[in-house]
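Remarks on the structure that follows.
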Amino acid sequence: MITRRSIADLSADLADRAESFCRHYFPEGRKQGNYWQVGDTSGAKGQSLAIHLQAQRGRKAGSWTDYATGEYGDLIDLLQQRLGSVTLKETLREARSFLGEAPCPTVPRETQRAERPDADSSKRIARARKLFAAGKPILGTLAATYLQTRGITRLGPALRYHPRVFLWQGEDDFDLPQKAPALLAKITDNRGQITGCARVYLDPSTGGLAAIESPKRILGQLHGHAIRFWSGSPRSDLIVGEGLENTLSVGTALPEFDLASCLTTTHLGLFIPPSGIKRIWIARDNDEAGHNASMRLRNQLKSLGISCIDLVPNMGDFNDDLRAFGRDALRRSLLGAMKAQGLEIEDG
């Protein structure tokens, strides 16, 4: 009989060999400091999925998070997803084989890679659409309170609120999900089709972020897509930002501009702009990660003839600036930087 304790033991043993595990099952990934980064659970190239190689700052070795989907777990969970449509018993047998305890033939890797991602993506996108459809307008809700306390007044139909969204707090398959209020934001492609739903879990007692690990999570597909806020007038300029609050802070100061929030530095560098865009203002964070993401986006769009210009906050991000200096000061700062780069606009 497979016991919960035996699964925990295997998980711990795999964690002790986390880097060897990653090199064996995710050879397309690469080591970045204390992380092994790869595109997704199928093993594709990319950086959306991060695996801790050693215990650090309260995170266990072998723990992982897929920032494109919000999924997380231990190496047993990850191995089961990597293998594809196999049972838990087969996954544990493969884990023992890797650890040298028993032989175990597995599903061919190329079959897994070719078949799983499409099916999984379709299921996640369907769940994301269903979740966003269940939300309600955010005015007068905890979600609006959360944004307003951060100085944000730029809202829109891309945002909704749901008082009871499923939430998994632990990394154990045996943990039962709880429910918590959440700000929902729809992720769309350039046709306007929903490909995902961002969830920002909130604490009803404080109006701030829920006091949990990773209160911001993504369901569905984000690669190349974004959360979009239109000004109502078609423009050839677009402001593209990292986090949701960062982007909406810029939008609060510049309500006449169209916005696209890519949610993470990784996905900022992967953004695919809609047709008609001639110039992109990259509202990045004031750090090395933001700089690198901006450079990736510039390189990606160079062949399309789209000019990319950085907007950099004085503090860590634009929400820091908004709260520290106020809307009017942030507007003056942004317009000054934009005009210095050739923007022609009446500041009314």
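The values are calculated or read from the model by the stated rules, or taken from the named source; none is laboratory data. Keep in mind it's a predicted model, so treat the numbers as computed, not measured. Neighbour counts run over all protein chains shown; Cβ positions are idealised from the backbone, glycine included.
Quick notes
- Yes/no for residue 243 being in contact (Cβ under 8 Å) with a residue 60 or more places away in the chain and closer than 16 Å to residue 159 by Cα: yes
- Checked across the stretch 77-97, the condition of being under 30 Å from residue 185 (Cβ atoms), at pLDDT 85 or above, not polar (S, T, N, Q) and not in a helix (DSSP H, G or I) holds for no residue.
- Test for residue 6: is it in a helix (DSSP H, G or I), loosely packed, with under 15 Cβ neighbours inside 10 Å and either free of Cβ contacts under 8 Å to residues at least 40 places away in the same chain or among the aromatic types (Phe, Trp, Tyr) (or both): no
- In the stretch 274-323, the residues that are acidic (Asp, Glu) and either outside the structural domain of residue 234 (by TED's automatic domain parsing) or surrounded by fewer than 22 Cβ atoms within 10 Å (Cβ to Cβ) (or both): 287, 288, 310, 320
- Failed condition for residue 51, given (1) touching a residue at least 40 places away in the same chain (Cβ under 8 Å); (2) outside any loop (DSSP other than H, G, I, E, B): (1)
- Qualifying residue in the stretch 306-316 (condition: farther than 24 Å from residue 232 by Cα and part of a helix (DSSP H, G or I)): no
- Here the stretch 31-50 is the region considered, the condition is being more than 25 Å from residue 127 (Cα to Cα) and touching a strand residue (DSSP E or B) at 6+ places or on another chain (Cβ under 6 Å), and the residue that is surrounded by the most Cβ atoms within 10 Å (Cβ to Cβ) is 36.
- Any hit, the stretch 36-50, residues being over 27 Å from residue 271 (Cβ atoms), outside the structural domain of residue 266 (by TED's automatic domain parsing) and modelled with pLDDT of 80 or more: no
- For the stretch 327-341, the count of residues that are of a type in the set (Ser, Thr, Tyr), assigned by TED's automatic domain parsing to the domain that holds residue 160, more than 27 Å from residue 160 (Cα to Cα) and within 23 Å of the chain's Cα centre (by Cα) is zero.
- Subset of the stretch 98-115 that is touching a helix residue (DSSP H, G or I) at 6+ places or on another chain (Cβ under 8 Å) and in a helix (DSSP H, G or I) - its residue that is modelled with the highest pLDDT: 98
- Within the stretch 248-263, tally of residues that are outside any loop (DSSP other than H, G, I, E, B) and either surrounded by fewer than 21 Cβ atoms within 10 Å (Cβ to Cβ) or in contact (Cβ under 8 Å) with a residue 60 or more places away in the chain (or both): 8
- Residue 266 being crowded, with 21+ Cβ neighbours inside 10 Å and modelled with pLDDT of 95 or more: no
- Residues in the stretch 128-144 that are loosely packed, with under 15 Cβ neighbours inside 10 Å and either of a type in the set (Gly, Ala, Ser) or touching a residue at least 12 places away in the same chain (Cβ under 8 Å) (or both): 133, 134, 136, 137, 139, 140.
- Of the numbered criteria (1) closer than 17 Å to residue 248 by Cα; (2) in a loop (DSSP other than H, G, I, E, B); (3) among the charged types (D, E, K, R), the one residue 328 fails is (2).
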